[in-house]
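The values are calculated or read from the model by the stated rules, or taken from the named source; none is laboratory data. Note that the structure is predicted; figures quoted are calculated from it, not measured. No Cβ is skipped: glycine too gets one built from the backbone with ideal geometry, and neighbour counts run over all protein chains shown. Note: areas computed on protein heavy atoms with side chains; ligands, DNA, RNA excluded. Shrake-Rupley method; radii C 1.70, N 1.55, O 1.52, S 1.80 Å.
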Amino acid sequence: MSEAKDPPPPPDENQVIAERRAKLAALRAIGPAFPNDFQRTHLADELHVKYGARERDTLAQEHIEVAVAGRMMLKRLMGKASFATVQDGSGRIQFYVADDEVGKHTHDEFKRWDIGDIIAARGVVFKTQKGELSIRCTELRLLAKSLRPLPDKFHGLEDRELRYRQRYVDLMVSDETRSLFITRSKTITAMRDFMVADGFLEVETPMLQIIPGGAAAKPFVTHHNALDIDMFLRIAPELFLKRLVVGGYEKVFEINRNFRNEGMSPRHNPEFTMLEFYAAYQNYKWLMDFTERLLNHVALATTGAARIEYQGQAIELTPPFARLTTLQAIRLHASQYSEEQLTDRGFLHRELRSKGSAHSEEAGLGALQLAMFEEVAEDKLIQPTFIVDYPVEVSPLARASDTRPGITERFELFIAGREIANGFSELNDPEDQAARFNEQAKAKDAGDEEAMYYDADYVRALEYGMPPAAGCGVGVDRVVMLLTDSANIRDVILFPHMRPEA
């Protein structure tokens with residue numbers, strides 16, 4: 001019995017690049033190396049849809065001429081005839097290259113081309129004897145030389161960090177990645193279509209702001225040279241969108257990029273996308289119903305079903321969603337705590353400290369209850385669940401309840417153990433808003449970097465009168481994570497932020 005031989009080592013990448021640069025130099029010596037005069041007439045997927053079901057003899061009689069271009073992903077050399085698999089933005093198609101069609105010289109040149117090269121062909125659509133739809137090339141050209149080798153065709157980019165850093169390569173070699181970001185695009189389109197169909201006006205608000213507002217978060221700081229002032233990247237569009245409600249636009253939305261200078265995790269990226277919307281003459285109860293319908297529509301439009309699979313768990317996005325207070329959620333998922341304990345500030349403080357919670361020493365009862373909810377119940381909310389009745393002290397922009405002191409008309413929507421949306425009846429009392437801004441300013445002066453600034457212009461806008469309204473922010477990235485069964489937010493962002501390469 002012969003001994004098994006080890007597979008040959010992969011070629012040195014530097015050597016491969018050097019060889020490809022030499023080929024590029026030879027191309028430059030004879031003319032333009034990156035021509036831009038080829039006109040494509042068809043995409044690969046279009047050809048499969050139109051002609052994939054045709055009989056081989058029927059195609060031969062029709063003599064359908066096409067011009068196709070894309071990246072060469074596979075190549076098989078067979079003497080006087082060769083095959084190549086070419087990938088464009090829609091899919092893949094096979095090229096058939098033969099001496100008697102393109103000429104021996106062109107065929108010989110083709111044999112020296114590399115996987116990854118961008119190539120183009122004119123030819124006739126036909127089916128091989130095995131029934132594979134192909135292009136019988138009558139003209140073949142190299143449009144762009146690939147100097148770097150693609151990853152192994154069977155494994156692609158296995159290094160997850162490398163996939164994030166070199167997304168362009170990931171997209172070349174992974175059908176799954178390309179499909180995921182098509183789903184992301186469809187998700188945003190479905191959100192936009194739903195909002196417009198309901199009479200909302202799409203608007204744009206500033207990303208550079210003198211006062212960052214609309215959320216409790218630490219902003220990124222930059223400097224405007226001409227004005228000689230520090231400015232901040234937007235942490236939320238909320239206060240500008242509500243200025244528009246004051247101005248008379250009664251239903252507005254923005255699909256916006258926000259920036260928060262905070263930690264990174266599988267659920268957080270410093271730059272992220274939100275859908276934020278506001279409707280006059282509505283409250284948080286209407287808003288919960290509307291948000292249910294929005295997410296149900298998006299799921300149906302992008303996946304074709306309201307029931308999705310996420311990390312091995314079936315999630316049902318058909319309304320109505322469950323609705324619980326923070327205390328009800330704690331009692332449901334951590335029944336060892338009594339109602340008496342959950343209303344005892346001293347007990348909550350000690351219990352949270354034992355769990356390593358980073359809550360404030362001065363936190364009130366409502367904030368401590370919310371912190372306890374986050375510790376023991378939040379990650380157990382797998383099916384869509386609205387958590388309601390948030391305390392005033394952690395909701396500086398939400399309208400306070402007229403009947404329950406210390407409580408606001410606010411909700412957060414949780415799915416698969418993470419927050420997906422945050423909404424509330426809007427605070428439109430300018431004096432109450434000014435008082436809450438003052439409390440936030442005191443917290444900031446005391447060292448809370450995420451506390452809000454006092455925004456005098458926003459208070460002035462409210463003093464002109466804002467109608468009763470409701471508003472919500474939906475995390476687009478997190479919705480896409482759900483719809484694509486992605487565990488990490490970086491998987492659904494084309495170019496997530498990373499530490500610089502060494």
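Here are some notes:
- Residues that are of a type in the set (S, T, N, Q) and modelled with pLDDT of 90 or more, drawn from segment 426-440: 428, 433, 438
- Candidates 443, 451, 421 - the one that is modelled with pLDDT under 95, under 25 Å from residue 275 (Cα atoms) and of a type in the set (A, V, I, L, M): 451
- Failed item in (1) touching a residue at least 60 places away in the same chain (Cβ under 8 Å); (2) among the basic types (Lys, Arg); (3) loosely packed, with under 15 Cβ neighbours inside 10 Å, with residue 127 passing the rest: (3)
- Close Cβ contacts (under 6 Å, 6 or more residues apart or on different chains) running from residues in segment 33-44 that are among the basic types (Lys, Arg) to residues that are open to solvent by less than 60 Å² (accessible area, probe 1.4 Å) comprise 40/67; 40/69.
- Looking at 183, 189, just one residue is at pLDDT 95 or above, open to solvent by 50 Å² or more (accessible area, probe 1.4 Å), outside any loop (DSSP other than H, G, I, E, B) and out of contact with any Asp or Glu (no Cβ under 9 Å at 6 or more places or on another chain), and that residue is 189.
- Condition check for residue 147: surrounded by fewer than 18 Cβ atoms within 10 Å (Cβ to Cβ), out of contact with any helix residue (DSSP H, G or I) (no Cβ under 9 Å at 6 or more places or on another chain) and within 30 Å of residue 493 (Cα to Cα): no
- Checking 40, 28, 20 one by one, the residue that is part of a helix (DSSP H, G or I) and open to solvent by 100 Å² or more (accessible area, probe 1.4 Å) is 28 and no other.
- The residues of segment 356-407 that are part of a strand (DSSP E or B), open to solvent by less than 20 Å² (accessible area, probe 1.4 Å), closer than 22 Å to residue 435 by Cα and not small (Gly, Ala, Ser) amount to a single one, 391.
- Of all residues in segment 69-111 being part of a strand (DSSP E or B) and open to solvent by 40 Å² or more (accessible area, probe 1.4 Å), the one that is nearest to residue 126 (Cα to Cα): 96
- Residues that are touching a residue at least 60 places away in the same chain (Cβ under 8 Å), open to solvent by less than 50 Å² (accessible area, probe 1.4 Å) and part of a loop (DSSP other than H, G, I, E, B) within segment 225-269 comprise 236, 269, listed in sequence order.
- Restricted to strands (runs of 3 or more DSSP E) entirely inside segment 270-350, those with at least 1 residues that are open to solvent by 60 Å² or more (accessible area, probe 1.4 Å), without any contact (Cβ under 8 Å) to a residue 24 or more places away in the chain and farther than 24 Å from residue 390 by Cα are 307-310.
- Of all residues in segment 126-146, none satisfies being farther than 25 Å from residue 65 by Cα, outside any loop (DSSP other than H, G, I, E, B) and of a type outside the set (A, V, I, L, M, F, W, C).
- Yes/no for residue 68 being β-branched (Val, Ile, Thr) and within 41 Å of the chain's Cα centre (by Cα): yes
- Boolean, residue 441 is within 20 Å of residue 209 (Cα to Cα), assigned to a helix (DSSP H, G or I) and hydrophobic (A, V, I, L, M, F, W, C): yes
- Within segment 192-224, considering residues that are buried (at least 16 other Cβ atoms within 10 Å of the Cβ) and polar (S, T, N, Q), the one nearest to residue 238 (Cα to Cα): 205
- Pairs with Cβ under 8 Å, 6+ apart, first in segment 111-123 and small (Gly, Ala, Ser), second in a loop (DSSP other than H, G, I, E, B): 116/146; 116/148; 116/149; 116/150; 120/38; 120/40
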